[in-house]
Amino acid sequence: MVSATSLSPQLSSRDQVVPSRSKVKLPPWLEIAKPRLIPLLLATTLGGMALSDGWPMTAPRLACTLGGGALASAAAGVLNCLWEQELDGRMVRTSGRALPSGRLSAGTAFAVAVSLTCAASLLLVSGVNCLAAALSLLGLCSYVLLYTALLKPRTTQNIVIGGVAGAIPPLVGAAAATGHVGLGGWWLFGLVMLWTPAHFWALALLLKEDYRSVGIPMLPVVKGTEATAVAIGHYARATVLVSLLGVLALPSGGWLYGLLVIPFNSRLLQMAHTLGLSPDEVAPARGLFRWSILYLFGICLLLLMARLPGAEVFSVQIGELLAALTPPPAAF
C-alpha cells in the first residue's frame, strides 16, 4: 500500500505543489508569459542594484530596468511554451495549457514573443544602457536555447548548468546601476546558481512521475529520490556558505546583512536535512520548494535593507566593536 504522504504519481500535480495555480485562471496570452516567475527575477535584479555603488537609482532608470526585465522574462516564458508545446500536450499536468489545448495559436504566441522582446530591448537601451539590454537578452536566450532546447532533454545536470538563465538578472541590475558588473553582482549571480538546483530538484521530486512519463532525465528520475535529496543537501550547504560572503560583497551595511541572514540559512539547512531523512515523503519536498522561494526573496530584501543609512551606521559600530575586541599583534 502506498502512503498518503509518499511521492506517488497521484500527488505529483503542480496544482497541489502550488495551490494558487488552481485558483487563479489567467487569459491565454498572459498564461504563456509565466507571470508567476517574474517577481523573483525582478527581486534578484534589485539585489544586483543594491550591491553596486550606483544604488539608489533614479526612479525613471529603476522603472525602465524592472519594466524591461519583466518584458524579457515574459518573452522567455512564451518562447519556452512554444518550444515545449508538443511535450506539454503529452503530459496530463500540462495538457491544459494555452498552446497544447488550442486556446491560443502558435502564430499568435510567436508574435507575442517577438513583440515582448522588441519592447524589452527598446526600453532597456533607451532608458538604461546597452549592457543591461544585452545581458537581459542573454538571459532570454540561455533559458530558451541552453536550458530548454539543449540541456533539459539530455542531462540530469540540466538545471545546474541551465541555472545560468535565472542567475543573470543580478548582472542586469548591477549593469543598470553602474554601467558595469562588479564583484557584488557576480557574487549574487553565483549565489543564485547554487540556490537553483536545491530549489528545482525539490519540485522535481514532486513531479518526477510527470518527467518520467515523457523521458525528461531530471535527477530524481535517473538517480532516484535518495540521491536527489543528498544532492539537494550539498547545494543547500554551498548556498549557505556563499550567502555569508554577502557581508564582504555589500558596499555598506554588510554586518547587518550577515546577522539577519543567519535565521534564513538555518531554516534552509534544517529543511534540507529533513528532506534527507524522508526523501520519499511529499511534505519535506514541498516545504523545501516553498521555503527556497521565500529564502531568495529574503536574501534580496536583506540586501536592500543593508543599503539603508541606519544599516551602514550599525555595520560601522559592529566593525569598531570587533576591532576593539581583537587583541593587538604580539611584539617581537
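The values are calculated or read from the model by the stated rules, or taken from the named source; none is laboratory data. These figures come from a predicted structure and were not determined experimentally. Neighbour counts are summed over all protein chains in view; Cβ atoms, including those assigned to glycine, are modelled from backbone coordinates with ideal geometry. Accessible surface areas use protein heavy atoms only, side chains included; no ligands, DNA or RNA. Shrake-Rupley method; radii C 1.70, N 1.55, O 1.52, S 1.80 Å.
One table, with the values for the structure above:
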{"read-out": "Options 317, 270: the member that is open to solvent by 80 Å² or more (accessible area, probe 1.4 Å) and at pLDDT 95 or above", "value": "270"}
{"read-out": "Helices (runs of 4 or more DSSP H) wholly inside the stretch 38-97 that include at least 3 residues being under 24 Å from residue 309 (Cα atoms)", "value": "38-50, 59-83"}
{"read-out": "Filter result (assigned to a loop (DSSP other than H, G, I, E, B) and either surrounded by fewer than 21 Cβ atoms within 10 Å (Cβ to Cβ) or basic (Lys, Arg) (or both)) within the stretch 217-247", "value": "217, 224, 244, 245"}
{"read-out": "Pick from the stretch 116-136, criterion touching a residue at least 12 places away in the same chain (Cβ under 8 Å) and open to solvent by 60 Å² or more (accessible area, probe 1.4 Å), ranking: farthest from residue 153 (Cα to Cα)", "value": "126"}
{"read-out": "Test result for residue 299, open to solvent by 10 Å² or more (accessible area, probe 1.4 Å) and either farther than 19 Å from residue 203 by Cα or in contact with an Asp or Glu (Cβ under 7 Å, 6 or more places away or on another chain) (or both)", "value": "no"}
{"read-out": "Neighbours by Cβ (under 8 Å, 6+ apart or cross-chain): first from the stretch 258-275, within 19 Å of residue 289 (Cβ to Cβ); second part of a helix (DSSP H, G or I) and open to solvent by 60 Å² or more (accessible area, probe 1.4 Å)", "value": "269/237; 272/237"}
{"read-out": "Among residues of the stretch 148-207, those that are of a type in the set (Val, Ile, Thr), open to solvent by less than 20 Å² (accessible area, probe 1.4 Å) and farther than 25 Å from residue 280 by Cα, counted", "value": "4"}
